[in-house]
Amino acid sequence: MSERDGVEVVDSVTAAFGRTYGAAPTGVWSAPGRVNLIGEHTDYNGGLCLPIALPHRTYAAVSRRDDDVLRIASVQQDGIVEVALGDVSPGQPGGWGAYVAGVLWALRRDGLDVGGLDVLVDSTVPLGSGLSSSAALECAVAAAASDLFGLDLLGSRSGRARLAARCVEAENVIAGAPTGGMDQSASLLCDERAALLLDCRSGETRQVPFDLDAAGHVLLVTDTKAEHALVDGQYAARRDACEQAARDLGVETLREVDPAALGAALQRLGSDEVRRRVRHVVTEIERVGQAVAALEAGDLDEVGRLFDASHASLRDDYEVSCDELDVATETARSKGALGARMTGGGFGGSCIAIVAAEDVEPVSTAIAEAFASHGFAAPVSFAVTASGPAARNR
Ligand code: ADP
Ligand code: MG
């Protein structure tokens, strides 16, 4: 669980807003980070993914302003970012303010009547650890904007999906990070004790029961603290490779490639590297369906096997793992985890493992010791439960 609980952060972010802007905020909204159980690098291929919302959340204390100015401050960053809404564009404002300003820009572009805000954020989601602090930030602000400007988008799943789409645009266009849609959908649409099966082709979602406690297990997240920057070229390069492969195969997205006919499809591709990228995407989408069936059947052993297969595919075919993620997952498995895999975009970030409740300490300790012996930075491991979506707290 997070080191600070929600009530405490709601109080402290309210107080910080008062110190920064000289008045109490109208309210406090929050949105969760996420871990994806399985289905990695599938969202931008029209595929399936299966995130849960974390208990870790980003909290935004917010008031409306009478003008079109947006002021944003964060406990996690220095200074106040100030920008007129009419000036928001790709790269303006630069840095972290883009994630917030981008949300209002996208809502406006969607024809919604939004104006200026004073915003102060604080977060228990680790930044840049692959747990989606960026979407938590966008979705907390989107939730606040929905309520403060009377958009009424939090009350229905379709409204929440619309907010999620605007948050994706904020991240893609204004912050310049070409991520898919999973993170924002997870943050706005996940339910407690459930994973969200998200079909990124149709936009359809379905809740899948996810309550490992009942089976005496937990989901252990390990933040490897390894360098992770999605806004670099690697993520974009994978995405470009998939889009080019889809064009070469004459399909809209790699979702259209029938897993049963994968061998024939691969033969039509020009390089071994592209074949491996496509094989990851197609088999990973298939594994999501298998994981949903296994969860619904209560077969955690099978879910664990699918985690392992997903990790191997991301490591060998998609090449987005790194030494820290490989050591963490191998150590968890060697200490009895039912399965372990990297989660999020990769190149660092976090991994997840299904472990028996009594093994949380020994597995966490073994990962920390393995990291020390490899000379890696100290990792942080914590058990998580599937938590609730973006909401107003006060
Ligand atoms: P992840 O989403 O996995 O945490 P990203 O690289 O996508 O990693 O997003 C991290 C970036 O999001 C940070 O570098 C910062 O710019 C912004 N960010 C996230 N949370 C906050 C916050 N609480 N305050 C300020 N900026 C934040
Ligand atoms: Mg992110």
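The values are calculated or read from the model by the stated rules, or taken from the named source; none is laboratory data. Source: prediction; values computed, not measured. Here the Cβ positions follow ideal geometry from the backbone for every residue, glycine too, while neighbour counts run over all protein chains shown. Please note that ligands, DNA and RNA were not included when accessible areas were found on the heavy atoms of the full protein model with its side chains. Shrake-Rupley method; radii C 1.70, N 1.55, O 1.52, S 1.80 Å.
Computed values, structure above
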quantity	calculated
Shape category assigned to the range 155-245 from the gyration tensor of Cα positions, a/c cut at 1.5	oblate
Rounded Å value of the spacing that divides the Cα centres of the range 31-50 and the range 313-359	16
Expected 222 nm ellipticity per residue - DSSP helices of 4 or more, -39500 (n - 2.57), all of the chain, to 500	-13000 deg cm²/dmol
Antiparallel DSSP beta bridges within the chain, percent to nearest 5	90
Over the chain - Rg/Rh using Cα atoms and the Kirkwood inverse-distance radius	0.97
Relative contact order computed over the range 1-160 (Cα-Cα under 8 Å; 6+ residues apart), in percent	27
Relative contact order [Cα under 8 Å, 6+ residues apart], the chain, whole percent	23
Once exposed loop GluC sites (Glu not before Pro) are cut out (DSSP; at most 15 other Cβ, 10 Å), longest piece of the chain	4-191
Solvent-accessible ranking of Arg247, Arg157, largest area first, probe 1.4 Å	Arg247, Arg157
Relative contact order of the range 212-384, defined on C-alpha pairs under 8 angstrom at six or more residues apart (%)	34
Three principal axis lengths of the range 212-384 [C-alpha, angstrom, descending]	50, 39, 22
Interchain or long-range residues, amide H under 5 Å from Ser350's placed H	Thr224, Thr343
Hz values of 3J(HN,Hα) by residue in the range 211-220 - Karplus curve (6.51, -1.76, 1.60), Gly and Pro given as x	9, 5, 3, 4, 9, x, 10, 9, 9, 9
Folded to 0 to 90 degrees: helix 157-169 orientation relative to the chain principal axis, Cα	90
Rounded to 10°, Cα long-axis angle of helix 323-334 versus longest principal axis of the chain	60
Rounded tilt (10° steps) of 272-296 against the dominant C-alpha axis of the chain	80
